[in-house]
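**Student:** Dropping a structure here in structure tokens format, bear with me for questions.
Here, each number is a calculation from the coordinates, and none is a lab measurement. Because the structure is a prediction, the values reported are computed rather than measured. Positions of Cβ are backbone-derived with ideal geometry, glycine not excepted, and every protein chain shown enters the neighbour counts.
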Amino acid sequence: MGQNLILNMDDHGWVVCAFNRTTEKVDSFLAKEAKGTKVVGAHSLPEMVAKLKKPRRVMLLVKGESGICAKSGDEPCCDWVGEDGAGHYVKMVHNGIEYGDMQLICEAYHLMKDALGMSCDEMREVSHHPTPTGEALVEKIRDAAGQKGTGKWTAISGLDFGTPTTLIAESVFARCLSALKVIYFSLLLYFLCLRRKLDKSNINNQTKKDH
């Protein structure tokens, strides 16, 4: 039924109607994982359609029965890892590891730029990673990272199992801090504008007193 997709959409402010041909799964989902959210359920297709706001948007998950397309040579690039969403769990951890990989790259860039004072050209020589355009693309990227939750879920799972996932957890925290940077600059701009208004008001008041 795509429970994690539904919960992700709920986290981002969407009101979602969940439907499954096995209606007991809908009831169980609403009573457990989706309890306290804005998610609603339906026991039939007509009921689901009636609950959707126009223009209706439907996300349909279909069980795959086709052959494997992703291959390396004649070997498939995937494998069966177990029942009950085990493959999704492995993919989640894979994404969590990538959080750590990207954080390591970010910290290496930070050290080379701010601690060693290296230019983008010097960093490119060290990393042996030429850009297709010849430009320093990293300087054009906004310093604020978003996230969809897989890193957070991996860190939480590590806590549940008593397995240290410190790099992944710190990577999630770093993304949270970078997101606050946008809020910081918005507040800074607001207070600068407010100060400018106050300064202008003080000047006008002083001018009136002088006259």
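**Student:** Rank P55, P164, P46 by mean-square fluctuation in a GNM of the chain with C-alpha springs under 10 angstrom and give only the top-ranked residue.
**Tutor:** Of the options given, P55 has the highest mean-square fluctuation.
**Student:** Another question, if that's okay. Above 21 angstrom, tally the Cα pairs of segment 97-186 and express them as a % of all pairs, no decimals. Let's see the in-between values first.
**Tutor:** Numbers: 1745 of 4005 pairs.
In whole percent, the long-distance tail amounts to 44.
**Student:** Efficiency by 1/(1 + (r/R0)^6): what FRET value for L61 and D160, r their Cβ-Cβ distance, R0 = 25 Å, to the nearest 0.05?
**Tutor:** Numbers: r = 26 Å, r/R0 = 1.03.
So the FRET efficiency works out to roughly 0.45.
**Student:** Which one, C193, C120, C17, has the greatest fluctuation when you compute a Gaussian network model over the chain with C-alpha springs under 10 angstrom?
**Tutor:** Highest fluctuation among the options: C193.
**Student:** Going toward the positive end of the dipole of segment 1-100, with +1 on Lys and Arg Cβ and -1 on Asp and Glu Cβ, which of L61, V16, S72 do you reach last?
**Tutor:** In segment 1-100, that residue is V16.
**Student:** Among all helices in the chain defined by DSSP H, which have a length of 15 Å or more along the axis from Cα atoms plus a Kyte-Doolittle mean of at least -1.0?
**Tutor:** The qualifying helices are 86-110, 150-161, 166-210.
**Student:** For the chain, calculate the relative contact order in percent as a whole number, restricting contacts to Cα pairs under 8 Å that are 6 or more residues apart.
**Tutor:** On the way: 136 pairs, mean separation 29.5, N = 211.
It comes to 14 percent, rounded to a whole number.
**Student:** When only alpha-carbon atoms count, how far does the chain stretch along each of its three principal axes, as whole angstroms with the largest first?
**Tutor:** Extents along the principal axes: 81, 52, 39 Å.
**Student:** Then there's this: In deg cm²/dmol, rounded to 500, what helix-only [θ] at 222 nm does the chain give when every DSSP H run of at least 4 residues adds -39500 (n - 2.57) and the total is split over its residues? Walk me through the numbers on the way to the answer.
**Tutor:** Working: 7 runs with 115 residues, N = 211.
Roughly -18000 deg cm²/dmol at 222 nm, from the helical runs in the chain.
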